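Chemist: Structure below; questions to follow.
The values are calculated or read from the model by the stated rules, or taken from the named source; none is laboratory data. Keep in mind that this is a model prediction, so the values were computed, not measured. Counting neighbours? That spans all protein chains shown, and the Cβs are built from the backbone with ideal geometry, glycine included. In case anyone asks, the SASA skips ligands and DNA or RNA and just uses the protein heavy atoms, side chains included. Shrake-Rupley method; radii C 1.70, N 1.55, O 1.52, S 1.80 Å.
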Amino acid sequence: MNEDHLNIKTPEFVSIQFQIAGLGSRSAAFIIDQLLLMAFNILSLIVLFFVLDGMSKMEFIFIGNSLPIAITIIALFLVNGSYFFAYEFFSGGRTLGKKLMGIRVIQENGHSITLMSSFIRNLIRIIDSLPTAYFLGIIMIFFHSKHKRLGDLVAGTIVVHERKAKRKKKQSPLEIEIDSRGLSKDELMIDEWTLKSLGMKEWKLVKTYASRFLQIPLEERNQLTEQIAVILFPKIGLDPSGKTTEELENNLLVLYLVLLDDWEFEL
């Protein structure tokens, strides 16, 4: 099959092109994930064996072997049942297998996968696995024009190859300013759950601030910085009070870098 591509137009009328992941890369990613789960399952059973073997006679009388077995069963159920759903949502549509294969799940509009879409596509995985060995899912991916399985159709998602950012010969003035301040994404510790709570509205606010940062007069920029910091910082667990204007600017620019990965696409 020829390499398929997906063209998406953003609300800003920017055309973004993705290469759709086919059956080969998706199957390889799934096998890697299954091997990881298998290793976890085997390790859990080995630990259970040693726990049961090491229990003293008194522990066995009062506790029995049911508690360790129940805990192991619950742990196996939670990990195996939520691995794809949780990993894809908290890791930007990528499980370990997908990361290694350079593919990810996104929504059809080009945005990052949401909690609901991740839940739906992985719930339908049960049907895609029928009648055995993911036969239905394989057939769907192979014959569908966008290589979608049933879970992707219902959830409105698509699996694409990672976009590799093109190296720019010249840095933009904003990039030069950020580099001159020695700023990086690592300076702002935001957990994944908080990051996911920031939506398009917050991204547009940060993006507008960053795009105008070097263009507006200093006094107006200071006022804008304080106003936006008061709006956004409480949402990411930061207290803007007591910070200097430069510190507020630095935090907002770092927030821009953090959100850039999920909301902005380089052509």
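Chemist: In debye, nearest 20: dipole of the range 135-267 around its Cα centre with unit charges on the Cβ of K, R (+) and D, E (-)?
Modeler: The dipole magnitude comes to about 900 debye.
Chemist: I've got another one for you. Set Lys and Arg Cβ to +1 and Asp and Glu Cβ to -1, take the dipole of the range 92-208 about its Cα centre, and tell me which of 188, 142, 132 lies farthest positive.
Modeler: The Cα lying farthest towards the positive end belongs to 142.
Chemist: Right, here's the next one. By how many degrees, 0 to 90 and rounded to 10, does the Cα axis of helix 218-232 deviate from the longest principal axis of the chain?
Modeler: 20
Chemist: Could you work out the helix-only [θ] at 222 nm for the chain, with each DSSP H run of four or more residues adding -39,500 (n - 2.57) and the total divided by the number of residues, to the nearest 500 deg cm²/dmol?
Modeler: -18500 deg cm²/dmol
Chemist: Can you give the FRET efficiency for residue 45 and residue 211, using 1/(1 + (r/R0)^6), R0 = 51 Å, r = Cβ-Cβ distance, to the nearest 0.05?
Modeler: Working: r = 55 Å, r/R0 = 1.07.
It comes to 0.40.
Chemist: Take the solvent-accessible surface of the protein heavy atoms, probe 1.4 Å, and return the percent of it on the chain that carbon and sulfur atoms account for.
Modeler: The value for the chain is 64 percent carbon and sulfur by accessible area.
Chemist: Among (1) 75, 56, 30; (2) 58, 40, 35; (3) 65, 42, 33, which one is Cα extents along the principal axes in Å computed from these coordinates?
Modeler: (1)
Chemist: Moving to a separate point now. Taking the Cα atoms only, what angle lies between the long axis of helix 66-90 and the longest principal axis of the chain, rounded to 10 degrees?
Modeler: Roughly 30 degrees, rounded to the nearest 10.
Chemist: Something else about it: Full extension from residue 17 to residue 227: what is 0.36 nm times the residue separation minus their Cα-Cα distance, to one decimal in nm? Mind showing how you got there, number by number?
Modeler: Numbers: separation 210, 0.36 × 210 = 75.60 nm, distance 3.56 nm.
The span from residue 17 to residue 227 would gain 72.0 nm if fully extended.
Chemist: Skip the ligands, DNA and RNA, and give the accessible area per residue of the chain with a 1.4 Å probe, whole Å².
Modeler: The answer is 60 Å² per residue.
Chemist: Sorting check: for 136-144, 193-201, 102-110, which peptide has the highest mean count of neighbouring beta carbons within 10 Å, and how do the rest follow?
Modeler: Those peptides, ordered most packed to least, come out 102-110, 136-144, 193-201.
Chemist: How far, in nm, would the chain grow between residue 132 and residue 163 when pulled straight, counting 0.36 nm per residue and subtracting the alpha carbon separation?
Modeler: Extending this stretch completely gives an extra 7.9 nm.
Chemist: If I fit a long axis through the Cα atoms of helix 200-212 and take the longest principal axis of the Cα atoms of the chain, what angle between them do I get, 0 to 90°, rounded to 10?
Modeler: 40
Chemist: Rg/Rh for the range 128-258 to two decimals, with Rh computed the Kirkwood way over all alpha-carbon pairs.
Modeler: Details: Rg = 21.0 Å, Rh = 18.0 Å.
Rounded to two decimals, Rg over Rh is 1.17.
Chemist: Turning to a different aspect of this structure: Please report the spacing between the Cα centers of the range 107-135 and the range 142-221 in Å, no decimals.
Modeler: That distance is 24 Å.
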